[in-house]
1. Looking at the square roots a ≥ b ≥ c of the eigenvalues of the Cα gyration tensor of the range 106-184, which shape do they give, rounded for a/c under 1.5, prolate if a/b is larger than b/c, or oblate?
2. In whole Hz, with x marking every Gly and Pro, tabulate ³J(HN,Hα) for the range 83-91 from phi via Karplus 6.51 cos²θ - 1.76 cosθ + 1.60, θ = phi - 60°.
3. For Glu29, what residues show an amide H to amide H distance below 5 Å, using hydrogens built from the backbone and excluding near sequence neighbours?
4. If you wrap the range 208-340's Cα atoms in a convex hull and average its projection over all directions, what's the area in nm²?
5. DSSP loop (so not H, G, I, E, B), at most 13 other Cβ within 10 Å: list which trypsin sites (Lys or Arg not before Pro) in the range 235-318 pass both filters.
6. Please compute, over every Cα-Cα pair in the range 141-299, the percentage with a separation greater than 24 angstrom.
7. Based on DSSP H runs of at least 4 residues, each adding -39500 (n - 2.57), what is the mean residue ellipticity at 222 nm of the chain after dividing by all its residues, to the nearest 500 deg cm²/dmol?
8. Going by C-beta contacts inside 10 Å, put Glu129, Glu320, Glu60 in order with the fewest on the left.
Amino acid sequence: MAKIRVGVNGYGTIGKRVASAVAAQDDMELVGVTKTRPNFEALAALAKGYDLYVPEESVEAFNEAGVKIAGTIKDMYKKVDIVVDCTPGNVGEMYKAQYQEAGVKAIFQGGEDHSLTGISFNSTANYSESWGAQLSRVVSCNTTGLLRTLNPIDKKFKVEQAFVTIVRRAADPGDSKNGPINGLEPSVKLPTHHGPDVQSIMPWLNINTMAIKASTTLMHVHTVVAQLATETTTQEVIDVLKEAPRVRLVKSKDGIKTTAQIMELARDLGRDRSDMYEIVVWEDGIKVVGNTLYYYQAVHQESDVIPENIDCIRSMCKVEQDAAASRAKTDAALGISKTL
Ligand code: NAD
């Protein structure tokens, strides 16, 4: 069977990871990535052997800098089945028209609104909804994190109501512009957009969210309080999360007390770019009291959506009908395992 030909538009935090993940799949071919400027990231992409495609207006700058390009972004459209759009939020609208005109499928990221595509994607919760679609959207890092744990918990115990506080990293590690670098900044527009974003995939879920930006770059942390319809035990919830795809349980008493140790674990596991694709839940921080479930989880914002993008490609390009089979393939290629 022919490989799915994939182009990545926008080679930043998410785009470079999607590119590496596509290149690691044996049923996909990375046709190339786009860059707007001939900077160090463009050179790093070339060094990895990726072809560079650039907007028409950037061709001269690349030529002047002596950085080799394979063509314009429009040339890339002619060679691909699907584009994974990883441009900054709200740029997608302009590109959507181009993708449609070129007749290529496209995946957008969580910085775009659900209304741009009308379909949002999470591999655990709604893999089949993107089956054969021309456009889809992989929801944001925080939404992906909430879906990975709340979906299996809801399936087993039925969540009547969930309250979540998101402690957000202020900037990504490679970003020296955003902040705060000192202080905690509450989102005063309430409830935050994260709840409705979860509902773009689980519309029946009664969820409310608040958020605070914190002076850290490593990960987000969620505190989750969920009212369950079924009375259960802490152990039963642990058992459900142990089985949940792309969820990793860790223990504070094993020395993983903060997000710093989670990132150290990712480095120890030898992951590409030290990524922690799984949502990390503190097992000794899970507690059920009556019908109320409490837990904490950490989200590696740079990487949790990467395996989702890969599964979304398979669903949209109709190469694997079974979500679990696609996840198994993706996870094997990225080194995600329940046993490590
Ligand atoms: P980024 O700023 O790190 O990368 C964006 C890349 O797109 C940059 O390389 C930039 O040069 C390039 N770009 C800008 N304008 C462009 C244009 N017109 N054409 C082509 N390329 C262009 O951003 P990011 O963090 O990777 O975010 C990308 C998307 O992923 C956003 O929708 C964001 O909301 C979403 N997302 C980000 C994170 C995160 O934590 N960083 C997590 C999940 C989802």
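Values in this text are rule-based calculations from the coordinates and carry no lab data. Note that the structure is predicted; figures quoted are calculated from it, not measured. Note that we place each Cβ from the backbone using ideal geometry, even for glycine, and neighbour counts take in every protein chain shown.
1. oblate
2. 10, 9, 7, 10, 6, x, x, 6, 8
3. For Glu29, whose amide H was placed from the backbone, the distant partners under 5 Å are Ile4, Arg5, Val6.
4. 9.6
5. Lys251, Lys257, Lys318
6. Of the Cα pairs, 33 percent sit more than 24 Å apart.
7. -9500 deg cm²/dmol, from helical runs alone.
8. Lowest count first: Glu60, Glu129, Glu320.
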